[in-house]
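Here is the structure we will look at, set down as structure tokens.
The values are calculated or read from the model by the stated rules, or taken from the named source; none is laboratory data. Just so we're clear, the structure is a prediction, and the values are computed from it rather than from any experiment. So basically every Cβ, Gly included, is an ideal-geometry build from the backbone, and we count neighbours across all protein chains shown. For the accessible areas, the whole protein counts, side chains as well, though only heavy atoms, and no ligand, DNA or RNA atoms are used. Shrake-Rupley method; radii C 1.70, N 1.55, O 1.52, S 1.80 Å.
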Amino acid sequence: MAEIQLHNTLSGKTEPFVPQEPGEVRMYTCGPTVYDYAHIGNYRTFVFQDLLRRFLKLRGFKLKHVMNLTDVDDRIIANAAAAGKNIRDYTEKFVQAFFDDCKALSIEAPEHWVRATDHIPDMVQLIQKLQGKTFTYPGEGSIYYRITKFPNYGKLSKIDLTGIQAGARVDNDRYEKESARDFALWKAPKPGEHFWETAIGPGRPGWHIECSAMAMKYLGETLDIHTGGIDLAFPHHENEIAQSEAATGKPFARYWMHAEHLLVEGEKMSKSLGNFFTLRDLFAKGYKPSALRLCLGSTPYRRQLNFTFNGLTQATNSVERLRNFADRLQQGKFPAGKQEGMSARIFKAYVDFDHGLSDDLNAARALAAAFDLVRDANIAMDKGEFRQGDVASVQQFLSFFDRVFAVLEDNDAQKLQALGYSSAQAGLGDAEIEKLVAERNAAKKNRDFATADRIRKELADRGIILEDAKDGTVRWKRK
Ligand code: AMP
Ligand code: ZN
């Protein structure tokens, strides 16, 4: 097995990954801010985190992974107040939607889901610790962090602090590098907004202190890996470092990993451009959860992912190719014995797969390892050279692959139904149906009945009934 190399934003280098405790990884990932439905950009980052945790598990590490739900921040406070709801009531729907979406995308549950609103006392304690060490000062009922007191401020995002005015403050949770200032650890209550009565006064936590407090509570003062999307490097993660390291005097996280953003057709996703998609938007258009997972996970995480419908259709076809191959293996009748060279070919697939993922989680390389094997084995089957004695080993490779990529199981229809889509709602467009019918016809012609049956079943799951006429023509209709 190759040495695992991960790119660390902190050092700016790709480094061998060695956790503090042999065999165990303590990882914190910043979860969604539940002020609305999460979008496919968010899920790009969450799928990357899932591939990472699954790969580390595959390599034998025991995972201690914490993911938070930011259920209090500026946007939530504002939206909840506008809706006349308390925070918990306002966020509940989006928390549930997030869990449902994670299930749909086969994103594994971390060892701990933690909600910010369940950890207010931990945040208060951490702020008190910072007060004791004089890293804070009060201002109009809020408490601010004095960044000039922390000599390493900026070490993660490499911001230039010259010209920063001591004592200038920022109250927003999210701001640009140009406005690096003292930030709020604790915010004074505003009329009509929710607040907590605490030992440091009434108010609510700033966004950054939430993650420092929850990460250290569950994972100790030094984590192995901390991840999020690239937009979180500044100010969120920079401020997490400043808070945590000032409080403990120890390094907060050893490896910082950041996923690049997802763009849609080359543009930043935004509601005003009409290119903003939640998972639900895509499922309602008839796309499958497995295809979306593959589409989001197949671009290496440090490259921008340009999401296109063409790409999503390609991912749909890729999932189909894998599943058809798995069916062909399962149902095919091959001559007994082993094909010369096939064991070595399978071994190469394992090596390539592992090298890909060990190389800073290069998902594209790992996928290529699997698809190359599928292609070679399919060719061998077409030529009649593939042997029954190799079936189990190829199947083992596929399961190994799927422990990370998790797209092989044919459960999209059930997932969509669990999300409340009827088969008709998760409906297919006419062109897509015609294409599938043509594929089924071709499969039947090639006597590949496994594929033909799979397509018939898939169409049936999506509410399409096929009628095979005696003259060989096929008609379809919606249920
Ligand atoms: P938020 O709910 O805004 O806190 O974001 C949740 C996660 O999604 C964070 O890790 C963000 O960095 C990440 N994220 C936000 N927008 C995008 C995007 N367009 N592409 C990839 N990741 C994103
Ligand atoms: Zn965070």
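I'd like the FRET efficiency for residue 62 and residue 438, computed as 1/(1 + (r/R0)^6) with the beta carbon distance as r and R0 of 35 Å, rounded to 0.05.
0.15
Too long at a 20 Å Cα-Cα cut-off: which of 85/190; 268/288; 13/217?
Check vs 20 Å cut-off fails for 268/288; 13/217.
Tell me, what ³J(HN,Hα) does each residue in segment 153-159 have, in order and in whole Hz, if you take phi through Karplus 6.51 cos²θ - 1.76 cosθ + 1.60 with θ = phi - 60° and put x for Gly and Pro?
Taking θ as phi minus 60°, the curve returns 4, x, 5, 7, 8, 6, 7 Hz for segment 153-159.
Which stretch or stretches of segment 462-476 have amide N atoms under 13 Å from the point lying 7 Å from residue 431's Cα along the Cα→Cβ direction?
No residues fall inside that zone.
So what's the back-of-envelope 222 nm ellipticity for the chain, counting only DSSP H runs of four-plus at -39500 (n - 2.57) apiece and dividing by all residues, rounded to 500?
That calculation yields -14000 deg cm²/dmol at 222 nm.
With +1 assigned to the C-beta of every Lys and Arg and -1 to the C-beta of every Asp and Glu, and no other charges, what is the dipole magnitude of the chain about the Cα centre in debye, to the nearest 20?
Charge dipole of the chain: 680 debye, to the nearest 20.
Applying a 10 Å radius around every beta-carbon, put 92-101, 181-190, 369-378 in order of their mean neighbour count, most first.
181-190, 369-378, 92-101
Given the Cα-Cα distance of residue 93 and residue 166 and 0.36 nm per residue of separation, how much length would full extension add, in nm?
Between residue 93 and residue 166, full extension yields 22.1 nm more.
Using a/c under 1.5 as the rounded threshold, could you call segment 19-259 rounded, prolate or oblate? The axes a ≥ b ≥ c are square roots of the C-alpha gyration tensor eigenvalues, and prolate needs a/b larger than b/c, oblate otherwise.
Oblate shape, in that a/c is at least 1.5 and b/c is the bigger or equal ratio.
Testing the spin-label approximation: label points 7 Å from Cα along Cα→Cβ at residue 3 and residue 100. State their distance in nm.
4.7 nm
Let me cross-check residue 13: its accessible surface, 1.4 Å probe, with only protein heavy atoms counted, in Å² to the nearest 10?
130 Å²
List every residue whose amide H lies under 5 Å from the amide H of residue 8, counting only residues 5 or more places away in sequence or on a different chain, with H placed 1.01 Å from N in the peptide plane.
13, 14, 15
Starting from the Cα-Cα distance between residue 112 and residue 355, subtract it from 0.36 nm times their residue separation and give me the gain in nm to one decimal.
Taking 0.36 nm per residue and subtracting the Cα distance, the gain is 84.5 nm.
Along the positive direction of the dipole of the chain (beta-carbon charges: Lys, Arg +1; Asp, Glu -1; about the Cα centre), which of 97, 137, 83 reaches farthest?
Positive-most Cα among the choices belongs to 97.
Given H placed on each backbone N at 1.01 Å, which residues far from residue 229 in sequence or on other chains put an amide H within less than 5 Å of it?
Close amide H contacts, sequence-distant or interchain: 259.
Once you sort the root eigenvalues of the Cα gyration tensor of the chain as a ≥ b ≥ c, which label holds: rounded (a/c under 1.5), prolate (a/b larger than b/c) or oblate (the other case)?
It is prolate, given that a/c is not under 1.5 and a/b is the larger ratio.
Out of 358, 368, 343, whose Cα points farthest toward the positive end of the dipole of segment 327-368 (charges: +1 Lys, Arg; -1 Asp, Glu; placed on Cβ)?
My answer, from the dipole projection, is 343.
Taking the Cα centre of segment 1-122 as origin and charging only Cβ (+1 Lys, Arg; -1 Asp, Glu), how large is the dipole, in debye to the nearest 20?
So the magnitude is around 280 debye.
Considering only protein heavy atoms, with the full assembly of protein chains and a 1.4 angstrom probe, order 227, 313 by accessible area, largest first.
Sorted by accessible area, descending: 313, 227.
What length, rounded to one decimal in nm, is gained on full extension from residue 281 through to residue 134, with 0.36 nm per residue of separation minus their alpha-carbon distance?
48.0 nm
For the pair residue 178/residue 11, report the inter-label distance in nm, with labels modelled 7 Å from Cα in the Cβ direction.
So the two model labels end up 3.4 nm from each other.
Output the relative contact order of the chain, whole-number percent, from Cα pairs under 8 angstrom with separation of 6+ residues.
16 percent.
Once the Cβ-Cβ distance between residue 304 and residue 468 is put in as r, and R0 is 60 Å, what FRET efficiency do you end up with, to the nearest 0.05?
0.85
Rounded if a/c is under 1.5, else prolate if a/b beats b/c, else oblate: with a ≥ b ≥ c from the C-alpha gyration tensor eigenvalues square-rooted, which is segment 155-241?
Oblate is the answer for segment 155-241, as a/c is 1.5 or above yet b/c matches or exceeds a/b.
Quick check for me: using +1 on Lys/Arg Cβ and -1 on Asp/Glu Cβ, what's the dipole size of segment 19-259 about its Cα centre, in debye to the nearest 20?
Magnitude of the dipole: close to 520 debye.
Given the protein chains as shown and a 1.4 Å probe, how many square angstrom of residue 54 are accessible, to the nearest 10?
Around 30 Å² of this residue is reachable by solvent.
What is the spin-label model distance, in nm, from residue 330 to residue 395 if the labels are put 7 Å beyond Cα along the C-beta direction?
Computed distance between label sites residue 330 and residue 395 equals 0.9 nm.
What is the distance in Å between the Cα centroid of segment 465-479 and that of segment 22-87?
If we compute the Cα centre of each part, the gap is 46 Å.
What helices in the chain pass both tests, a Cα length along the helix axis of 20 Å or more and a mean Kyte hydropathy of -1.0 or higher, using whole DSSP H runs?
40-58, 87-104, 309-331, 342-358, 363-382, 391-405, 430-445
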